[in-house]
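Colleague: One structure, pasted below without further comment.
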Amino acid sequence: MMVVGAMSGGDLLPLTQVPPKVKVNAQYYMDKVLRPLLEEGFAQLYEDSAKVFVHHHATKSHTAGLTEQYAKDIQARPK
């Protein structure tokens, strides 16, 4: 089993469980991990998204073009 956890200076977010035998590619990571963390989890903690900095390691799903484009798109959204 794999779980994804996130924390901030303000609070912990719920763990996200990745089902067994799921291949975590860029699309899965973006849809099931990153988007819920940023758009639901951290949005509840911080009204100002400028206070949020996401750090993750260099796994292929984290550095794929799709994931990087999503990060740019979310930064460009009006606040």
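The values are calculated or read from the model by the stated rules, or taken from the named source; none is laboratory data. Model, not experiment: these values are computed from the prediction. So basically every Cβ, Gly included, is an ideal-geometry build from the backbone, and we count neighbours across all protein chains shown.
Colleague: Output yes when any residue across the stretch 18-31 is in a strand (DSSP E or B) and either modelled with pLDDT of 75 or more or β-branched (Val, Ile, Thr) (or both), and no when none is.
Modeller: Yes - at least one qualifying residue is present in the stretch 18-31.
Colleague: Can you confirm whether the stretch 45-68 contains a residue that is at pLDDT 75 or above, surrounded by 10 or more Cβ atoms within 10 Å (Cβ to Cβ), in contact with a helix residue (DSSP H, G or I) (Cβ under 6 Å, 6 or more places away or on another chain) and not in a loop (DSSP other than H, G, I, E, B)?
Modeller: Taking every residue of the stretch 45-68 in turn, at least one turns out to be at pLDDT 75 or above, surrounded by 10 or more Cβ atoms within 10 Å (Cβ to Cβ), in contact with a helix residue (DSSP H, G or I) (Cβ under 6 Å, 6 or more places away or on another chain) and not in a loop (DSSP other than H, G, I, E, B).
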